[in-house]
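Undergrad: This is the structure, below, for whatever I ask next.
Just so it is clear, none of the values below were taken in a lab; they were calculated from the coordinates. Note that the structure is predicted; figures quoted are calculated from it, not measured. No Cβ is skipped: glycine too gets one built from the backbone with ideal geometry, and neighbour counts run over all protein chains shown.
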Amino acid sequence: MKKLINKKEEKKINVGVIGLGYVGLPIFLCIKNKFETVGFDINSERIRELNNYIDRNKEFKKHELKLKKKSKYSNDYNELKKCNFYIISVPTPVFKNKKPDLRPLYNACNLLKKVINNEDIIFFESTVFPGLTRSLKIKFFGDKKIHLGYSPERINPGDKINTVKTIKKIVAFDSKSLKVKKAVLDVYKSITKNIILSNSVENAEMSKVIENIQRDINIAFMNEILMVCKKLKLDFIEVIKLAKTKWNFLSFSPGLVGGHCLPVDPFYLYHLAKKNNYNAKFMLSGRLVNDQLSDYVEDEIKNQINSKKIKKILILGVSYKANVADLRNSLALQIYLKLKKKFKNKIFAFDTVIDKNSAQKFKIYQKISKINNYDLIVPLVNHTDLKNRFLSNYILRKDRYLDFFNYFG
Ligand SMILES: NC(=O)c1ccc[n+]([C@@H]2O[C@H](COP(=O)([O-])OP(=O)(O)OC[C@H]3O[C@@H](n4cnc5c(N)ncnc54)[C@H](O)[C@@H]3O)[C@@H](O)[C@H]2O)c1
């Protein structure tokens, strides 16, 4: 019944998406109406919310989460038994010692092992180092004839222009079978029309991880120049404006780099290079500088508190980046919490994008009336909503703002 290939007539494709986070949920939503799709997540609370059409990440509205046909959200792995095409989009974090923590991938594979059949197709979307997904195939499904694929995700949370439907998506798989190719294209073309095919899973894995490392390093360079300009009392904005007039100067903005991709992915490749006796010298350099910026910002705020008669400070934005609710590895949140510990009644924060529970947990305002009660306002995360709310006040009272990243510029 379940075989995808060995049938004269074309086999119906049933898709299982494993891990419904920032990556898995949009993938699921793109294909749910074309294929009978199971959106599976081990987090039962996430499934309960999705069944009530709530996306805690605030990326999708109620009507977008509604299901037609036979697709469903579930945390019962038995539902996956009817699938023959799997897409894995679980997290790939690092341990405290920065080595890759592959447990979510291992857990997902262990679970799949219970439901998978010969000729099924497994695609990984999680960011990994080259060679990892093939090693998972051998380790967990070596006794079966499984078709392996890798399609790195380029989702940019909070970005409504470069969405999964509009960006180019790399799709790599290791099968020469035309039937597999057709199934893969059927599924992936329902996600985006812009498919870049590759027959090397490893090249696709490598391309994804270096995209993120390159970004981390480029932002780090801007962050370093920002800190040096401050030390030298030079106008960073003017400096960059001048440099940009050269045809091949690359423009990146400085900022607090957080989340669970850029601060983590360089360690995946570093780890693999080291295992292969190559001591990488450059790929972690972005990490050092980007983390250092956080200390710099914290020190600057402390200096302001100590040097001026400041009674109340308001930090604008605490999530890991603009227009995103996610607080994981958020440097802005870390800065706020450290300062709050030290200056208790002086430091406050405001963020309308994060979810209510987190706001309550970390004592972050989501409503504010008397902006003029604050002596110093420090925008750290450039949420559009915050920018809109505070722009007119900024124009009137620029002297009260400590604007590291030219958020209102
Ligand atoms: N968020 C991004 O901007 C982004 C962009 C591109 C690639 N990625 C990569 O995609 C992968 C997923 O990232 P994300 O942002 O969607 O993570 P996420 O944390 O938002 O979501 C992951 C989901 O997987 C679930 N999960 C964990 N273990 C599971 C298991 N064993 N079985 C089923 N579900 C499980 C979690 O409950 C969670 O809902 C990571 O490798 C990440 O690096 C993320």
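Undergrad: When only C-alpha pairs under 8 Å and at least 6 residues apart count, what is the relative contact order of the range 71-203, in percent? The partial results should precede the final answer.
TA: Numbers: 183 pairs, mean separation 26.6, N = 133.
About 20 percent, as a whole number.
Undergrad: Another question, then. For the range 14-199, what is Rg from Cα atoms divided by 2.2 N^0.38 Å, rounded to two decimals?
TA: Values: Rg = 15.6 Å, N = 186, 2.2 N^0.38 = 16.0 Å.
The reported ratio for this selection is 0.97.
Undergrad: Further question: What's the angle, to the nearest 10 degrees (0 to 90), between helix 265-275's Cα axis and the longest principal axis of the chain?
TA: Approximately 60 degrees, to the nearest 10.
Undergrad: Aspartates and glutamates within cross-link reach of K275: Cα-Cα under 19 Å, excluding same-chain residues under 8 positions apart?
TA: Filter leaves D101, E202, E205, D265.
Undergrad: OK, next. Normalised radius of gyration for the chain, please: alpha carbon Rg relative to 2.2 N^0.38 Å, two decimal places.
TA: Details: Rg = 23.4 Å, N = 409, 2.2 N^0.38 = 21.6 Å.
So the chain has a normalised radius of gyration of 1.08.
Undergrad: For a Förster distance of 30 Å, can you work out the FRET efficiency between the beta-carbons of N118 and E45, rounded to the nearest 0.05? Don't skip to the answer; put the middle values down first.
TA: Details: r = 35 Å, r/R0 = 1.16.
That pair, N118 with E45, gives E of 0.30.
Undergrad: Between A325, A273, A220, which gets the highest mean-square fluctuation from a Gaussian network model of the chain, Cα cutoff 10 Å?
TA: A273
Undergrad: Alpha carbons only, please: Rg and Dmax for the range 37-131, in angstrom.
TA: Rg, Dmax (Cα atoms, Å): 14.9, 46.
Undergrad: While we're on this one: From the cross-link list K169/K244; K68/K113; K58/K363; K66/K208; K32/K176, which pairs have alpha carbons spaced over 23 Å apart? Provide the component values of the computation, followed by the final result.
TA: Details: K169/K244 30 Å; K68/K113 28 Å; K58/K363 20 Å; K66/K208 31 Å; K32/K176 27 Å.
Among K169/K244; K68/K113; K58/K363; K66/K208; K32/K176, the Cα-Cα distance tops 23 Å for K169/K244; K68/K113; K66/K208; K32/K176.
Undergrad: So what is the calculated 222 nm ellipticity per residue for the chain, using -39500 (n - 2.57) for each DSSP H run with n of 4 or more, over all residues, to the nearest 500 deg cm²/dmol?
TA: Roughly -12000 deg cm²/dmol at 222 nm, from the helical runs in the chain.
Undergrad: Taking 2.2 N^0.38 Å as the expected size of a compact globular protein, what ratio does the Cα radius of gyration of the range 241-400 give against it, to two decimals? All intermediate terms of the calculation are to be shown ahead of the outcome.
TA: Working: Rg = 18.1 Å, N = 160, 2.2 N^0.38 = 15.1 Å.
For the range 241-400, the normalised Cα radius of gyration is 1.20.
Undergrad: Another question about this same structure. Between K308 and S200, what is the spin-label point distance in nm, taking each point 7 Å from the Cα along the Cα→C-beta axis?
TA: For the pair K308/S200, the computed spacing is 5.5 nm.
Undergrad: Need the full-extension length gain, Y106 to F60, defined as separation in residues times 0.36 nm minus the C-alpha distance. One decimal, nm.
TA: 13.7 nm
Undergrad: Sticking with this structure for a sec: When ranked by the protection proxy of mean other Cβ atoms within 10 Å per residue, highest first, what sequence do the peptides 50-62, 18-30 form?
TA: Numbers: 50-62: 15.6, 18-30: 24.6.
Ranking the peptides 50-62, 18-30 by packing returns 18-30, 50-62.
Undergrad: With no solvent and one point on each alpha carbon, what is the Debye value of log10 I(q)/I(0) for the range 169-221 at q = 0.25, 0.26 Å⁻¹?
TA: Log-scaled intensity ratios, in q order: -0.95, -0.99.
Undergrad: Let's test the formula: R0 of 51 Å, r as the Cβ-Cβ distance of L337 and K145. What FRET efficiency results, to the nearest 0.05?
TA: Values: r = 51 Å, r/R0 = 1.00.
Efficiency for this residue pair is about 0.50.
Undergrad: Moving to a separate point now. Which FRET efficiency value, to the nearest 0.05, do you get for N78 and N388 by plugging their Cβ-Cβ distance into 1/(1 + (r/R0)^6) with R0 = 51 Å? Display every interim value, and only then the final one.
TA: Working: r = 47 Å, r/R0 = 0.92.
In this case the efficiency is close to 0.60.
Undergrad: Would you work out the relative contact order for the chain, in percent, from Cα pairs under 8 angstrom that are 6 or more residues apart? Write out the running numbers ahead of the final one.
TA: Values: 704 pairs, mean separation 47.5, N = 409.
Relative contact order of the chain: 12 percent.
Undergrad: Compute the helix-to-body angle for 178-189: its Cα long axis versus the longest principal axis of the chain, expressed 0 to 90° and rounded to tens.
TA: Taking the Cα atoms of the chain, the angle to 178-189 is about 30 degrees.
Undergrad: Taking the Cα of K281, stepping 7 Å toward and past its beta carbon, and measuring to each backbone N in the range 195-217: which are under 19 Å?
TA: 214, 217
Undergrad: Cα axis of helix 285-307 to longest principal axis of the chain: angle in degrees, 0 to 90, nearest 10?
TA: 30
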